[in-house]
Amino acid sequence: MELKFLIPIAIVVVVLILMNKPTKYSKVTIGDVEIKTEIADTPLKQMKGLMFRKHLPENEGMLFVFGGEDYRGIWMMNTSIPLDIIWINGNMEIVHIEKNVQPCGIFCPVYQPDKKAKYVLEVNAGFVEKNDIDVDHFVEIHPKELNTQI
(Lines give C-alpha, C1' and ligand atoms only; values in the text may rest on other atoms or scores of the structure.)
Protein backbone atom coordinates (compact mmCIF):
# COMPACT_ATOMS: atom_id res chain seq x y z
CA MET A 1 0.00 0.00 0.00
CA GLU A 2 1.30 3.44 -0.89
CA LEU A 3 2.26 5.98 1.76
CA LYS A 4 -0.34 8.48 0.49
CA PHE A 5 -3.08 6.01 1.56
CA LEU A 6 -1.51 5.13 4.92
CA ILE A 7 -1.42 8.68 6.27
CA PRO A 8 -5.21 9.32 6.05
CA ILE A 9 -5.88 5.87 7.53
CA ALA A 10 -3.48 6.60 10.42
CA ILE A 11 -5.20 9.94 11.06
CA VAL A 12 -8.63 8.28 11.17
CA VAL A 13 -7.34 5.62 13.60
CA VAL A 14 -5.83 8.25 15.91
CA VAL A 15 -9.06 10.28 15.87
CA LEU A 16 -11.13 7.18 16.68
CA ILE A 17 -8.81 6.30 19.57
CA LEU A 18 -9.04 9.84 20.93
CA MET A 19 -12.83 9.81 20.61
CA ASN A 20 -13.05 6.62 22.65
CA LYS A 21 -11.52 8.19 25.76
CA PRO A 22 -13.92 7.86 28.68
CA THR A 23 -16.19 10.84 29.18
CA LYS A 24 -15.40 12.88 32.29
CA TYR A 25 -18.09 14.58 34.33
CA SER A 26 -18.10 17.30 36.93
CA LYS A 27 -20.63 19.19 38.98
CA VAL A 28 -20.92 22.95 38.61
CA THR A 29 -22.69 25.02 41.25
CA ILE A 30 -24.02 28.53 40.65
CA GLY A 31 -25.75 29.81 43.77
CA ASP A 32 -28.11 27.02 44.85
CA VAL A 33 -28.23 25.36 41.44
CA GLU A 34 -26.20 22.24 40.65
CA ILE A 35 -25.47 21.25 37.07
CA LYS A 36 -24.08 17.88 36.01
CA THR A 37 -21.59 18.67 33.26
CA GLU A 38 -19.76 16.65 30.68
CA ILE A 39 -16.18 17.91 30.46
CA ALA A 40 -14.78 19.06 27.11
CA ASP A 41 -11.09 19.40 27.93
CA THR A 42 -9.40 18.36 24.69
CA PRO A 43 -9.43 20.15 21.33
CA LEU A 44 -11.39 17.27 19.78
CA LYS A 45 -14.06 17.29 22.50
CA GLN A 46 -14.24 21.08 22.33
CA MET A 47 -14.63 21.01 18.57
CA LYS A 48 -17.44 18.45 18.80
CA GLY A 49 -19.16 20.07 21.79
CA LEU A 50 -22.89 19.33 21.79
CA MET A 51 -23.09 18.73 18.03
CA PHE A 52 -25.81 16.35 16.84
CA ARG A 53 -27.39 15.99 20.31
CA LYS A 54 -31.17 15.93 20.17
CA HIS A 55 -31.76 16.42 23.90
CA LEU A 56 -30.01 17.80 26.96
CA PRO A 57 -31.55 16.78 30.30
CA GLU A 58 -32.59 19.53 32.72
CA ASN A 59 -29.73 20.78 34.93
CA GLU A 60 -27.14 19.15 32.69
CA GLY A 61 -24.66 20.74 30.34
CA MET A 62 -21.17 20.78 28.91
CA LEU A 63 -18.21 22.50 30.55
CA PHE A 64 -15.41 23.54 28.20
CA VAL A 65 -12.13 23.72 30.11
CA PHE A 66 -9.26 25.65 28.53
CA GLY A 67 -5.61 25.95 29.54
CA GLY A 68 -5.78 29.67 30.30
CA GLU A 69 -7.89 32.75 29.93
CA ASP A 70 -8.61 34.15 26.48
CA TYR A 71 -11.45 35.57 24.40
CA ARG A 72 -13.21 32.24 23.79
CA GLY A 73 -15.46 32.18 20.74
CA ILE A 74 -18.27 29.61 20.60
CA TRP A 75 -20.47 28.67 17.67
CA MET A 76 -23.46 26.37 17.25
CA MET A 77 -22.46 24.45 14.11
CA ASN A 78 -24.58 21.29 13.80
CA THR A 79 -26.07 21.90 17.24
CA SER A 80 -29.76 20.99 17.47
CA ILE A 81 -30.56 22.34 20.95
CA PRO A 82 -31.09 26.03 21.83
CA LEU A 83 -28.57 26.93 24.53
CA ASP A 84 -27.61 29.50 27.13
CA ILE A 85 -23.83 29.99 27.03
CA ILE A 86 -21.95 31.18 30.12
CA TRP A 87 -18.31 32.35 30.09
CA ILE A 88 -16.37 32.04 33.37
CA ASN A 89 -12.95 33.51 34.16
CA GLY A 90 -10.12 31.97 36.20
CA ASN A 91 -11.49 33.59 39.37
CA MET A 92 -14.67 31.56 38.82
CA GLU A 93 -16.72 34.65 38.04
CA ILE A 94 -19.25 34.79 35.22
CA VAL A 95 -18.00 37.40 32.73
CA HIS A 96 -20.50 37.01 29.88
CA ILE A 97 -23.78 35.27 29.05
CA GLU A 98 -25.52 34.65 25.74
CA LYS A 99 -29.15 33.59 26.22
CA ASN A 100 -31.30 31.44 23.97
CA VAL A 101 -28.68 30.88 21.27
CA GLN A 102 -30.46 29.08 18.46
CA PRO A 103 -29.36 25.94 16.60
CA CYS A 104 -27.34 26.38 13.46
CA GLY A 105 -26.33 24.24 10.51
CA ILE A 106 -23.10 25.18 8.80
CA PHE A 107 -22.76 28.97 8.42
CA CYS A 108 -23.03 30.06 12.05
CA PRO A 109 -22.22 33.24 13.96
CA VAL A 110 -19.46 33.10 16.56
CA TYR A 111 -20.43 34.30 20.05
CA GLN A 112 -17.51 35.87 21.88
CA PRO A 113 -17.32 37.83 25.13
CA ASP A 114 -15.51 41.13 25.55
CA LYS A 115 -13.71 39.69 28.60
CA LYS A 116 -11.34 36.76 28.87
CA ALA A 117 -12.62 33.39 30.09
CA LYS A 118 -11.09 30.07 31.10
CA TYR A 119 -14.32 28.06 31.07
CA VAL A 120 -17.46 28.05 28.98
CA LEU A 121 -20.63 26.38 30.25
CA GLU A 122 -23.43 25.40 27.86
CA VAL A 123 -26.86 24.62 29.29
CA ASN A 124 -30.41 24.46 27.94
CA ALA A 125 -31.90 27.75 26.76
CA GLY A 126 -33.93 29.38 29.51
CA PHE A 127 -31.70 28.00 32.28
CA VAL A 128 -30.07 31.36 33.03
CA GLU A 129 -33.37 33.22 33.30
CA LYS A 130 -35.10 30.44 35.26
CA ASN A 131 -32.31 30.39 37.85
CA ASP A 132 -31.64 34.17 37.99
CA ILE A 133 -28.03 33.76 36.90
CA ASP A 134 -26.18 36.91 35.91
CA VAL A 135 -22.77 38.32 35.07
CA ASP A 136 -20.60 38.75 38.21
CA HIS A 137 -22.11 35.67 39.90
CA PHE A 138 -19.56 33.13 41.08
CA VAL A 139 -19.30 29.50 40.04
CA GLU A 140 -17.90 26.48 41.83
CA ILE A 141 -16.58 23.47 39.93
CA HIS A 142 -16.32 20.08 41.61
CA PRO A 143 -13.90 18.41 41.87
CA LYS A 144 -11.85 21.44 42.84
CA GLU A 145 -8.73 19.78 41.41
CA LEU A 146 -10.12 20.57 37.97
CA ASN A 147 -9.29 24.24 38.56
CA THR A 148 -5.58 23.55 38.98
CA GLN A 149 -5.01 20.60 36.65
CA ILE A 150 -6.08 22.20 33.42
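The values are calculated or read from the model by the stated rules, or taken from the named source; none is laboratory data. This one's a predicted model, so the numbers in the text were calculated from it and none came from an experiment. Note that each Cβ is placed from the backbone with ideal geometry, even for glycine, and that neighbours are counted across all protein chains shown.
Structure above, values below:
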item	result
Single condition Ile85 does not satisfy, out of (1) surrounded by fewer than 20 Cβ atoms within 10 Å (Cβ to Cβ); (2) aliphatic (A, V, I, L, M); (3) in a strand (DSSP E or B)	(1)
All positions within segment 88-131 that are closer than 29 Å to Pro143 by Cβ, of a type in the set (S, T, N, Q) and part of a loop (DSSP other than H, G, I, E, B)	Asn89, Asn91, Gln112, Asn131
Residue match in segment 97-111 (condition: charged (D, E, K, R) and surrounded by 15 or more Cβ atoms within 10 Å (Cβ to Cβ))	yes
Total residues in segment 60-89, condition without any contact (Cβ under 8 Å) to a residue 40 or more places away in the chain and not aromatic (Phe, Trp, Tyr)	8
Within segment 116-130, tally of residues that are loosely packed, with under 15 Cβ neighbours inside 10 Å and at negative phi	2
For Pro143: the one exception among (1) modelled with pLDDT under 95; (2) surrounded by 15 or more Cβ atoms within 10 Å (Cβ to Cβ)	(2)
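Residue by residue, here is whether (1) among the hydrophobic types (A, V, I, L, M, F, W, C); (2) farther than 21 Å from Val33 by Cβ holds:
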residue: Trp87; (1), (2): yes, no
residue: Ile94; (1), (2): yes, no
residue: Lys115; (1), (2): no, yes
residue: Asp134; (1), (2): no, no
residue: Val139; (1), (2): yes, no
